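The values are calculated or read from the model by the stated rules, or taken from the named source; none is laboratory data. Because the structure is predicted, anything quoted here is derived from the model rather than measured. Cβ atoms come from the backbone with ideal geometry, glycine included; neighbour counts cover every protein chain shown. What goes into the accessible areas is simple: the full protein's heavy atoms, side chains included, and nothing from ligands, DNA or RNA. Shrake-Rupley method; radii C 1.70, N 1.55, O 1.52, S 1.80 Å.
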Amino acid sequence: MGASSAVRVVVAKPGLDGHDRGVKVVARALRDAGVEVIYTGLRQTPEMIVNAALQEDADAIGLSVLSGAHMTMFSRVLELLEENDATDIMVFGGGIIPDEDIPELERLGVAKIFTPGATTAEISDWVRDNIRSAHTAG
């Protein structure tokens, strides 16, 4: 496996949420699992997140939303990917997201939602099993 065949994931905290401990733990776990992680930092707008994903040639975007704005944030990111003809970039996420919102997020096109009980191993395994690098042949 060449270095360029690593799956690239932009990990972001959209909105006004100032807590990034959880997202940093996930980013580290993904890196340990061989995923190339681009962490965009706190208080990112959906536009900033999608721009980062496009610039970094990312395979996926992982959003961590604790602020309650998940419906808005996820749908806006998906909308922007569509506008940029980049629907091949998978979107997944986690945070404090009520169970009843998950089917709606999945309907919008979110590939996977991890609830607060999810382990980093669970997240890393899912990323490894479901996200394919655009840079690998086949």
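For the reader, a short list of remarks on this structure follows.
- Residue count for segment 75-101, restricted to those that are over 11 Å from V50 (Cα atoms) and not β-branched (V, I, T): 12
- Members of segment 55-86 that are within 16 Å of I131 (Cα to Cα) and more than 13 Å from the chain's Cα centre (by Cα): E56, D57, A86
- Restricting segment 126-138 to residues that are touching a residue at least 40 places away in the same chain (Cβ under 8 Å) and open to solvent by 20 Å² or more (accessible area, probe 1.4 Å), the residue that is farthest from A12 (Cα to Cα): T136
- All positions within segment 115-125 that are assigned to a helix (DSSP H, G or I) and under 24 Å from G68 (Cβ atoms): T120, E122, I123
- Restricting the first member to segment 9-36 and to residues that are closer than 22 Å to E47 by Cα, and the second to residues that are of a type in the set (K, R) and open to solvent by less than 10 Å² (accessible area, probe 1.4 Å), the beta-carbon pairs closer than 9 Å and six or more apart or on different chains are H19/K13; D20/K13; V23/K13.
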